[in-house]
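Undergrad: Have a look at this one.
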Amino acid sequence: MDLEFDRKHLWHPYTCATSPDNSYPVVSAKGSVITLSPDIKLVDGMASWWSAIHGYSHPILVKAVQKQAANLSHIMFGGLTHEPAIELGKKLLEILPKSFQHIFYADSGSVAVEVAMKTALQFQRNNANLKRNKFLTIKRGYHGDTVGAMSVCDPISGMHALFSGYVLPQIFVSAPPLGFDTEITDEDFAEISGIAEAKQDEIAAVILEPIVQGAGGMRIYSPQYLKKIRDLCDKFDFVLIFDEIATGFGRTGKMFAFEHANILPDIICVGKALTGGMLTLSAMITSAKIAEIACKNGLPLMHGPTFMANPLACAAAKANLDLLTSWNWKDKILSIEKTLKDKLSPLKNNPKVADVRVIGAIGVVEMKEKINVAQFQVDCISRGAWIRPFGKIAYIMPPYIISQKELEKLVAALIFAVR
Ligand SMILES: *Cc1c(COP(=O)(O)O)cnc(C)c1O
């Protein structure tokens, strides 16, 4: 592999082009194992950023893509439709509560967030709330790297502080307190309800990541908070958007994270695990009510990605969701959760560790100091694991199909690296 070319010419995510970080060459990946070379094989702790839930090169997913590629790899979605889009749509509605009725396919998570924001604004326009142009959200969130999505990421600790003069200012409140079981008091909720009341004529929608805030700090919070958010949105007629791009499709132990709270958002965004890591695809899905008002009097939604509803990606996603619903993934996630809790919790006694949090197939170790990523990776690789930390956060979220032995290897590598 011409790694010299890679260093010189290929920009990697969140890096500097002219002084790049080290990138390890991958030759193949199968199941939960990433192969760097015949003698360097790593257990995957990242599921390629939440996406490869069934591991790599799963024969059923490979077959679905091959079959689709030979028949119809891409076709414009304007004025045309196809079986993969329709069958995937049916499957999505089948696994979602009945209130969800309208699906907009896009090509990445960030774009699904943009589409959700535009749809919420269009809803408010058609509801005669012409001045409602702002989004209310919580700090420490992450919603993607396009401009609208950037505007609702944490403005300071998020990744986009440099662009503050470019990105529209939105309305931020403190993130909910940490802990799935933490009681949410009226006091915890006072700031957001005060701001909602004061700025109700400006706010079109509330957008947040339910239960787990991902790239903004891997923060797990209480479903009670979401219940209070639902009430707030009902009171002021705000559209409620849940960004389930990271949490969707089982990762937290429920098919969707909002199920922990027993409430329904108006719009959800899904992506990442949707195709099981085979191809890029996302979707924004709305309730019947939102679509009805947003599209009142035949008003179209002016959005249409070139690769909207790409048949290859839809076929991969349909096969992936069929696969997901064909086995007892819930028990598997519970067993991963138990191992992560048992093995990671003792790290709380390590003086360098600030916190340990686990939900579903997500294990998080927050350090007191910023992690030296390069050294951390060398340590993990020496113990046969692929784990990539950010900031003070080291975390693992393996493919669901990981074996107990592989999971224990991952955890041991993590513990070794934070030692
Ligand atoms: C990754 C992520 C996005 C952005 O998705 P992309 O496919 O990278 O554009 C948006 N929201 C959340 C919660 C994410 O984790």
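The values are calculated or read from the model by the stated rules, or taken from the named source; none is laboratory data. If you're wondering where the values come from, they're calculated on a predicted model, not measured in any experiment. Glycine also receives a Cβ, built like all others from the backbone with ideal geometry; neighbour counts cover every protein chain displayed. Ligands, DNA and RNA are stripped out before the accessible areas are found, and what is left, the full protein with its side chains, is counted by its heavy atoms. Shrake-Rupley method; radii C 1.70, N 1.55, O 1.52, S 1.80 Å.
Undergrad: Can you compute 3J(HN,Hα) from phi for each residue in segment 245-253, using the Karplus curve 6.51 cos²θ - 1.76 cosθ + 1.60 with θ = phi - 60°, rounded to whole Hz and x for Gly and Pro?
TA: Listing the rounded values in order: 4, 8, 7, x, 6, x, 3, 8, x Hz.
Undergrad: Give the long-range amide H neighbours of ASP21: residues separated by 5 or more places, or on another chain, with amide H under 5 Å away, using H modelled in the peptide plane at 1.01 Å from N.
TA: The answer is CYS16.
Undergrad: If you average the alpha carbon positions of segment 112-166 and of segment 377-395, how far apart do those two centres end up, in angstrom?
TA: When both Cα centres are located, 32 Å separates them.
Undergrad: For segment 5-22, just list the computed ³J(HN,Hα) in residue order, Karplus coefficients 6.51, -1.76 and 1.60, θ = phi - 60°, integers in Hz, with x standing in for Gly and Pro.
TA: Computed from phi, the couplings for segment 5-22 are 4, 4, 4, 7, 10, 9, 7, 9, x, 6, 9, 8, 4, 8, 9, x, 6, 5 Hz.
Undergrad: Taking the Kirkwood radius as the inverse of the mean 1/r across Cα pairs, report the Rg/Rh of segment 289-375.
TA: Taking Rh as the inverse mean 1/r over Cα pairs, Rg/Rh reads 1.22.
Undergrad: Which number do you get for Rg(Cα) / (2.2 N^0.38 Å) in the chain?
TA: The value comes to 0.97.
Undergrad: In whole percent, how big is the carbon plus sulfur part of the accessible area of the chain, probe 1.4 Å, protein atoms only?
TA: 57
Undergrad: From the helices alone, meaning DSSP H stretches of at least four residues, give me the mean residue ellipticity at 222 nm for the chain, per-run term -39500 (n - 2.57), in deg cm²/dmol to the nearest 500.
TA: -11000 deg cm²/dmol
Undergrad: Apply the Karplus parameterisation 6.51 cos²θ - 1.76 cosθ + 1.60, with θ equal to phi minus 60°, to every residue of segment 132-140 and state each ³J(HN,Hα) to the nearest whole Hz, in sequence, with x for glycine and proline.
TA: Rounded to whole hertz, the list is 7, 10, 10, 10, 9, 8, 9, 5, 6.
Undergrad: Mind ranking 267-277, 150-160 by how tightly packed they are, going by the mean number of other C-beta atoms within 10 angstrom, highest first?
TA: In decreasing order of mean packing, 267-277, 150-160 become 267-277, 150-160.
Undergrad: Which Rg and Dmax, in Å, describe the Cα atoms of segment 89-244?
TA: Over segment 89-244's Cα set, Rg and Dmax evaluate to 15.3, 43 Å.
Undergrad: Kindly flag which residue pairs out of LYS139/LYS332; LYS348/LYS392; LYS131/LYS235 have an alpha-carbon separation exceeding 21 Å in this structure.
TA: LYS139/LYS332
Undergrad: Right, next: Check GLY141: other-chain or 5+ apart residues with amide H under 5 Å from its amide H, H built from backbone geometry?
TA: ASP154
Undergrad: Further question on the same structure: In Å², what does the accessible area per residue of the chain work out to with a 1.4 Å probe?
TA: In whole numbers, the chain has 45 Å² accessible per residue.
Undergrad: Sorting ARG251, ARG7 by accessible area (1.4 Å probe), largest first, what list results?
TA: ARG7, ARG251
Undergrad: Explain nothing, just the number: dipole magnitude of the chain about its Cα centre with +1 on each Lys and Arg Cβ and -1 on each Asp and Glu Cβ, in debye rounded to the nearest 20.
TA: 500
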